[in-house]
Amino acid sequence: MKRPEPVQVVKERRDKALRRLVEAVPYVQFMGIKFERHGDELTAVLPYREALIGNPMLPALHGGATASFLEISAIIELSWQLLWEEMESPENKGLPVGDHLPRMPKTIDFTVDYLRAGLPRDAYARARVNRSGRRYASVHVEGWQDNRSRLFAQATGHFLMPERDAR
Amino acid sequence: MTTMDDARKLKIAGQFVSALPFSRALGLELVSLEGNVCEMRMPYREELVGQPDTGVIAGGAVSALMDTCCGTAVLIHPEAITGTATLDLRIDYMRPATVGKDIIARAECYHVTQSVAFVRATAHDGEGETPVATVAATFTVERRMPR
């Protein structure tokens, strides 16, 4: 019987794959968005910066910053699921993922529902893939700040999936 | 409406847009204001790229441009609106923006009620007839208290 991989090896492989994916996208860096991983579950974190403010009087996060944060969360979640599948498949197990740039879905449409003003502090988001087919995916994203149950924004979007064999 | 008034309005609105930290970070520039229509430009910059393999600008950056342009269209509406916030914004991406080209948004605040402003917008990169994206959005309406 084959022995299971040491936990550190598994973690390192997964963290490296996630880092590669996130660091490949200039706009994710521009926004300063980070991703926390627990197993295959991702939480996007938007650390507060003054540059994210839209209304300096309140002050409140810019609606465009919120939209960007939620859309990035959705795209990275979808890309991560593709990457995970590839990385954890029996033929690839234990091997680092290839050098090719991550395959990323393209947004078809995205609807943001602004529930309350974004406060000048860190924001979090988690995306749920409601359907992911060969060509299309439907994703819902929830964004919150201090309280997980008090969302400040949510969004739904449709995405065009990358070609399976495209490298 | 004289040209002098329009020039003054454009200057004030331009200052307003560059006072918003996130709009400034994106490099947004006010192009024109006319009645309830606002035009705004987002110059192409590599740090706004969302598709690393192609160099296409991130959808989120286009959304942010559209949101700012739509909000400004609400504020310049002939009815005295003193403040606004986005309630809902839907964006449809019809095609990828051309790499290296600036994106210009054009937003029209086509209807205002006591509490809600309705806005539609298109984004273009100057290539062909088809816009890069279209938007339908609703905004809150805050009015100055009657004297």
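The values are calculated or read from the model by the stated rules, or taken from the named source; none is laboratory data. This one's a predicted model, so the numbers in the text were calculated from it and none came from an experiment. Here the Cβ positions follow ideal geometry from the backbone for every residue, glycine too, while neighbour counts run over all protein chains shown.
Figures for the structure shown
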| read-out | value |
| --- | --- |
| Cβ-Cβ under 6 Å pairs, at least 6 apart or on other chains, the range B:14-28 side facing another protein chain (nearest Cβ under 7 Å), far side assigned to a loop (DSSP other than H, G, I, E, B) and not hydroxyl-bearing (Ser, Thr, Tyr) | B:Phe22/A:His62 |
| Search result, residues across the range B:37-93 that are more than 12 Å from the chain's Cα centre (by Cα), among the small types (Gly, Ala, Ser) and more than 10 Å from every other protein chain (Cβ to nearest Cβ) | B:Ala80 |
| Options A:Glu85, A:Glu91, A:Glu71, A:Glu41: the member that is at pLDDT 95 or above, of a type in the set (D, E, K, R) and loosely packed, with under 15 Cβ neighbours inside 10 Å | A:Glu41 |
| Test: residue in the range B:132-147 that is farther than 24 Å from A:Ala117 by Cα, assigned to a strand (DSSP E or B) and not β-branched (Val, Ile, Thr) | yes |
| Any hit, the range A:9-29, residues being surrounded by 17 or more Cβ atoms within 10 Å (Cβ to Cβ) and closer than 24 Å to B:Ser18 by Cβ | yes |
| Qualifying residue in the range A:75-88 (condition: in a strand (DSSP E or B), closer than 23 Å to B:Arg95 by Cβ and either among the hydroxyl-bearing types (Ser, Thr, Tyr) or more than 9 Å from every other protein chain (Cβ to nearest Cβ) (or both)) | no |
| Subset of the range B:54-98 (residues that are without any contact (Cβ under 8 Å) to a residue 12 or more places away in the chain and aliphatic (A, V, I, L, M)) | B:Ala58 |
| Count of the range A:111-136 residues which are in a strand (DSSP E or B), under 20 Å from B:Leu89 (Cα atoms) and aliphatic (A, V, I, L, M) | 4 |
| Test result for B:Val119, in contact with a helix residue (DSSP H, G or I) (Cβ under 9 Å, 6 or more places away or on another chain) and of a type in the set (Val, Ile, Thr) | yes |
| Single match in A:Gly54, A:Gly118 (criterion: surrounded by 14 or more Cβ atoms within 10 Å (Cβ to Cβ), more than 18 Å from A:Val25 (Cα to Cα) and at pLDDT below 95) | A:Gly54 |
| Yes/no for A:Leu46 being away from every other protein chain (no Cβ under 11 Å) and at pLDDT 95 or above | yes |
| Residue match in the range B:99-116 (condition: of a type in the set (Ser, Thr, Tyr), touching a strand residue (DSSP E or B) at 6+ places or on another chain (Cβ under 9 Å) and touching a residue at least 24 places away in the same chain (Cβ under 8 Å)) | yes |
| Output for the range B:76-105, where each listed residue is in a loop (DSSP other than H, G, I, E, B) and not aliphatic (A, V, I, L, M) | B:His77, B:Pro78, B:Glu79, B:Thr84, B:Arg95, B:Pro96, B:Thr98, B:Gly100, B:Lys101, B:Asp102 |
